[in-house]
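Below is one structure; the comments refer to it alone.
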Amino acid sequence: MELDLQPLALPGIEPKRPIVIAGPCSAETEEQVITTAKQLVKYGIKIFRAGIWKPRTKPGSFEGVGVEGLPWLKEVQKETGLLVATEVATAKHVYESLKAGIDILWIGARTSANPFAVQEIADALKGVDIPILIKNPVNPDLELWIGGLERINNAGLKRLAVIHRGFSTSDKKIYRNSPQWHIPMELRRRIPNLPIFCDPSHIGGKRELIAPLCQQAMDLGFDGLIIESHCNPDTAWSDAAQQLTPEVLDYMLNLLVIRDTKQTTESIRALRAQIDECDDQIIDILSKRMRICREIGTYKKEHDMTVLQPTRYNEILEKRGAQGSLCEMDADFIKKVFIAIHEESVRQQLDIINK
Ligand code: PEP
Ligand code: MN
């Protein structure tokens, strides 16, 4: 199905810069909301985010202040002129948000994974003209993501965009949510006029990853960023490790290099992003392998075995060399790689045995 879209018509920080939506993960108190908003507006931010209802993996963690926080967002609009955005997951959230005059709504990753929930939201939005941002479902399923867009579009909403927030995986070594950039890039190919935001906060899960993720998103030609920012991140009631102060956010945004996406190097950038992703996976898998090697090291120590087991070593080199040539790689090259990996494993095991 072809989507019937209209421009989002949202303000950017300045022309030729990405649209930036910033604000705390959750609205916690009126003071925290207003203080953060006032700081952000000082740095030229035009759109404020705050979660009023928080979908949490486990019960018992902070699940949002609920309707009580909606007047705080109205206050933000009144005092700062910022547009305000919040997450909706049910029809009730939609009605309450519309009643409170919220400017932009987003559908979270846990909700977009559920067609019943998205349909309920679409039905509640029928006949309303408001920008809707749909986060990718937690699972890497592009069709489900597009299905969500179609449901909202079928309800007559045309100012749509998506938010790439990464995907759940069982292994979370570097990122909280694995970016899998090829998925939003494929979405861009399929629906070229659909704006794509990147949410580096939920992909990264920690402060130091936010800047490189933003740069990567800009290099891939994303249209905007949605970044968690809190007046006092360390005390945040949710997602404390990934929130930035407005001041740090501003510093980081100013360092971003915005390239001309019309250049023909765009496709090279997309390919390089895929290479980066492969390299991330190589590091993750190597670190998993080393962890297992250390466990074996402990076992060998307890059972008084030698570290080097030559038959096992030869078996690995031969087997992987042959497997490499089946995958169109030089067998000697693969052997070299495994010799290097083995060397590091032995070093780590010796460390354990000599402790
Ligand atoms: C959020 O934006 O605070 C949030 C809950 O994100 P996600 O739905 O991507 O997990
Ligand atoms: Mn969050």
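The values are calculated or read from the model by the stated rules, or taken from the named source; none is laboratory data. Quick caveat: nothing in here was measured; it's all calculated off a predicted structure. For neighbour counting, all protein chains shown are included, and Cβ atoms are generated from backbone atoms with ideal geometry for every residue, glycine included. Areas reflect the complete protein model, heavy atoms only, side chains present, ligands, DNA and RNA absent. Shrake-Rupley method; radii C 1.70, N 1.55, O 1.52, S 1.80 Å.
Under 16 Å Cα-Cα from K336, which lysines qualify once same-chain neighbours fewer than 8 residues away are excluded?
Cross-link targets: K319.
Over segment 196-309, calculate the relative contact order: mean separation of alpha carbon pairs under 8 Å at least 6 apart, over the residue count, as a percent. List each step's numbers first, then the result.
Values: 96 pairs, mean separation 26.0, N = 114.
Reported relative contact order: 23 percent.
Express in nm, to one decimal, how much length is gained between I268 and R17 on full extension, taking 0.36 nm for each residue of separation and deducting their alpha carbon distance. Intermediate results must be reported in sequence, preceding the final value.
Values: separation 251, 0.36 × 251 = 90.36 nm, distance 2.17 nm.
Gain on extension, I268 to R17, equals 88.2 nm.
With a sphere of radius 12 Å drawn around the Cβ of E31, what net charge do the other residues whose Cβ falls strictly inside it have (Lys, Arg +1; Asp, Glu -1)?
Overall, the nearby charge balance is -2.
Give the percent of DSSP beta bridges with both residues in the chain that are antiparallel, rounded to the nearest 5. The partial results should precede the final answer.
Working: 1 of 28 bridges.
Taking every DSSP beta bridge within the chain, about 5 percent pair in antiparallel fashion.
Can you work out the accessible area per residue across segment 63-180, with the rest of the protein chains kept in place, probe 1.4 Å, in square angstrom? Provide the component values of the computation, followed by the final result.
On the way: 4450 Å² over 118 residues.
I get 38 Å² per residue for segment 63-180.
What relative contact order, as a whole-number percentage, does segment 288-355 give when Cα pairs under 8 Å and 6 or more residues apart are counted? Spell out each step's value before the answer.
On the way: 50 pairs, mean separation 32.3, N = 68.
Relative contact order here is 48 percent.
Would you please state the base-10 log of I(q)/I(0) at q = 0.08, 0.12, 0.14 1/Å for the chain, with intensities from the Debye formula using one equal scatterer on every alpha carbon?
Listed by q, the Debye log ratios stand at -0.47, -0.89, -1.10.
To the nearest 0.05, what FRET efficiency results for N354 and D4 with a Förster distance of 56 Å applied to their C-beta separation?
Details: r = 68 Å, r/R0 = 1.21.
Efficiency, from the Cβ-Cβ distance: 0.25.
In whole percent, what relative contact order does the chain give with Cα contacts below 8 Å and a gap of six or more residues?
On the way: 604 pairs, mean separation 49.6, N = 355.
Result for the chain is 14 percent.
Of the cross-linked pairs K54/K126; K16/K54; K38/K206; K288/K355; K42/K74; K16/K135, which ones have a Cα-Cα span greater than 30 Å in the structure shown?
Numbers: K54/K126 24 Å; K16/K54 33 Å; K38/K206 24 Å; K288/K355 21 Å; K42/K74 18 Å; K16/K135 24 Å.
Violating the 30 Å limit, Cα to Cα: K16/K54.
Per-residue HN-Hα couplings for segment 319-333, Karplus 6.51 cos²θ - 1.76 cosθ + 1.60 at θ = phi - 60°, whole Hz, x for Gly and Pro?
After applying 6.51 cos²θ - 1.76 cosθ + 1.60, I find 4, 6, x, 5, 4, x, 5, 5, 9, 6, 10, 5, 4, 5, 4 Hz.
Between the DSSP loop rule and a limit of at most 15 other Cβ atoms within 10 Å, which chymotrypsin sites (Phe, Trp or Tyr not before Pro) in segment 1-74 are left? Let's see the in-between values first.
On the way: sites: Y43, F48, W53, F62, W72; in loops: Y43, W53, F62.
Counting only loop positions with at most 15 other Cβ atoms within 10 Å, the chymotrypsin sites (Phe, Trp or Tyr not before Pro) in segment 1-74 are F62.
With θ set to phi - 60°, apply the Karplus curve 6.51 cos²θ - 1.76 cosθ + 1.60 along segment 281-294 and write out the HN-Hα couplings as whole Hz, x wherever there is a Gly or Pro.
Rounded to whole hertz, the list is 5, 4, 4, 4, 6, 5, 5, 5, 4, 5, 4, 5, 4, 5.
Mind checking segment 291-353 for trypsin sites (Lys or Arg not before Pro) that DSSP puts in a loop (not H, G, I, E or B) and that have at most 13 other Cβ atoms within 10 Å? Spell out each step's value before the answer.
Values: sites: R291, R294, K300, K301, R312, K319, R320, K335, K336, R347; in loops: none.
Nothing satisfies the criteria.
Please give me, ordered by residue number, the chymotrypsin sites (Phe, Trp or Tyr not before Pro) of segment 297-355 that lie in loop per DSSP and have at most 12 other Cβ atoms within 10 Å. All intermediate terms of the calculation are to be shown ahead of the outcome.
Numbers: sites: Y299, Y313, F333, F338; in loops: none.
Answer by residue number: there is no such site.
Percent of accessible area on segment 1-104 owned by carbon and sulfur, 1.4 Å probe?
Its accessible area is 53 percent carbon and sulfur atoms.
Which whole-Hz couplings ³J(HN,Hα) result when phi for each residue of segment 149-166 is put into the Karplus expression 6.51 cos²θ - 1.76 cosθ + 1.60, θ = phi - 60°, listed in order with x for Gly and Pro?
My calculation for segment 149-166 gives 4, 5, 4, 5, 5, 4, 7, x, 8, 10, 8, 10, 8, 10, 10, 8, 10, x Hz in order.
Taking GluC sites (Glu not before Pro) that fall in a DSSP loop and have at most 13 other Cβ atoms within 10 Å as cut points, what is the longest piece of the chain between them?
Details: sites that count: E2, E328.
Result for the longest clean stretch: 3-327.
For N193 and L98, calculate 0.36 nm times their separation in residues minus their Cα-Cα distance, and state this gained length in nm to one decimal.
Values: separation 95, 0.36 × 95 = 34.20 nm, distance 2.63 nm.
Full-extension gain reported as 31.6 nm.
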